[in-house]
Amino acid sequence: MKKKHATIQSPTSVDSNQAHLHDLLYQMLRIRRFEDKCAELYSAMKIRGFLHLYNGEEAVAVGVMQVLKPDDAIVATYREHGQALARGIPMNTVMAEMFGKQEGCCRGRGGSMHLFDKEHRFYGGNAIVGGGLPLAVGLALADKKLGRKRLTCCFFGDGAVAEGEFHESMNLASLWQVPILFVCENNQYAMGTALKYSHSVTNLVQKAESYGIGHAVVDGMDVLAVEQAAQKAAVEVRENGKPFFLECVTYRFRAHSMFDPELYRDKAEVEEWKQRCPISTLTQQLKAQGQITDADVERIEQSIRQEITDAVAFAEAGTWEPVEELNRFVYSEPNA
């Protein structure tokens, strides 16, 4: 009998612990305000190179991260600021990395697309579309071989699902039965190409089904729904040691990157999706149920503004890599 994928519905009411709900809102706002500042700094040429913003997709990173443990591994995409901040990587070191300073999490050598932090087991962004998928399978396989009871969480976009690395990784994850949580951030567009123009089968979970991998779809604009779905998925991976595919249907409010003229989608479509903003949605839910006030929201905003101000100051005061050390980490160090 053909299996049907499970669609996990968004909660109809807010019934979680108030402090936790406030924290979810804080984390999403923190990502949004950080990226808004990064866009401003990019326009001022303080941040150079490429910049891919996560605005609109915050519920995915924040919701999924709630169910991951400190010793779980995380592999992200080149749009990974949200995952990095939600994982707990200090904003100071993330901002310094954006500036290209040595105090950044990759000594300024990675920039926006290659955030990495060993202490948080954050194995980072990858400029290659789908490039993190084989890495994640390898991490999960190593854990299985060594008998470690933990999982690897791999974030990727709908564009990666059309790549060969995706199919190779799904095949091996299923064949070897490794503990990996695949999180597809389906934001409807692979760079500038709509899903319907790049996939013959647009129902992405069917691809997981074809590999015999458990799967579910969730409203990626609802942080509570994402958290609930991720919790169920993570429990299944931990208990069975098998891969699971979670598709989060979401949308990015900004262009693909700061270089993108965004001529491929209608402005009315963007505005329609903005009406489902995960931050506004949760705020309205909390206010309607008397779980948050305007004063509470302003306190959260003020805390974030101060943290961002401090992070920018930290990055501005950072140091550039000395010219004489530019080849360091490029070639192996000579033996003593």
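Annotations for the structure displayed:
- Reciprocal of mean inverse Cα separation for region 296-336 (Kirkwood radius, Å): 13.7
- Taking every alpha-carbon pair under 8 Å whose residues sit at least 6 apart, region 174-233 reaches a relative contact order of 25 percent.
- Euclidean distance between Cα centres, region 280-330 to region 103-158, Å: 22
- Surface/4 estimate of mean projected area, convex hull on alpha-carbon atoms of region 92-209, nm²: 8.3
- For region 267-324, the fraction of C-alpha pairs more than 14 angstrom apart is 73%.
- Accessible surface of the chain, 1.4 Å probe, proportion on carbon and sulfur as whole %: 53
- Summary of packing: across the peptides 282-290, 192-200, 101-109, the per-residue average of other C-beta atoms within 10 Å ranks them, highest first, as 101-109, 282-290, 192-200.
- Taken per residue, the accessible surface of the chain reaches 46 Å², heavy atoms only and a 1.4 Å probe.
- The HN-Hα couplings worked out from phi for region 324-335 by the Karplus form 6.51 cos²θ - 1.76 cosθ + 1.60 (θ = phi - 60°) are 5, 10, 5, 8, 5, 6, 8, 10, 5, 6, x, 5 Hz, whole numbers, x standing for Gly and Pro.
- Most fluctuating residue given options Met221, Met91, Met45, as computed from a GNM of the chain linking Cα atoms under 10 Å: Met45
- Above-threshold pairs, the threshold being 26 Å between Cα atoms, out of Lys37/Lys101; Lys196/Lys232; Lys101/Lys145; Lys232/Lys287; Lys196/Lys267: Lys196/Lys232; Lys101/Lys145; Lys232/Lys287
- Region 19-48-region 226-252 distance, computed between alpha-carbon centres (Å): 25
- Shape analysis of region 209-276 based on the Cα gyration tensor places the equivalent ellipsoid semi-axes at 31, 14, 10 Å, largest first.
- Reachable aspartates and glutamates, given that their alpha-carbon falls under 20 Å from the alpha-carbon of Lys149 and they are not under 8 places away in the same chain: Asp71, Asp72, Glu119, Glu236, Glu239
- When the convex hull of its Cα atoms is viewed from all sides, region 44-157 shows a mean projected area of 7.1 nm².
- Take 162-174, 313-325 and order them by the average number of nearby Cβ atoms within 10 Å per residue, most first; the result is 162-174, 313-325.
- Over the residues of the chain, the helix contribution to mean residue ellipticity at 222 nm works out to -13500 deg cm²/dmol, using -39500 (n - 2.57) for each DSSP H run of at least 4.
- For region 161-224: rounded, prolate or oblate by the Cα gyration tensor [a/c cutoff 1.5]: oblate
- DSSP-loop trypsin sites (Lys or Arg not before Pro) across region 25-78, with at most 13 other Cβ within 10 angstrom: Arg48
- Structural size metrics of the chain, computed from C-alpha coordinates, are Rg and Dmax of 19.8, 66 Å.
- Convex hull of Cα atoms in region 216-318, direction-averaged projection (nm²): 10.9
The values are calculated or read from the model by the stated rules, or taken from the named source; none is laboratory data. Remember, predicted model here, so these are calculated numbers, not experimental data. FYI the Cβ positions are ideal-geometry reconstructions off the backbone, even for glycines, and counts take in every protein chain you see. For the accessible areas, the whole protein counts, side chains as well, though only heavy atoms, and no ligand, DNA or RNA atoms are used. Shrake-Rupley method; radii C 1.70, N 1.55, O 1.52, S 1.80 Å.
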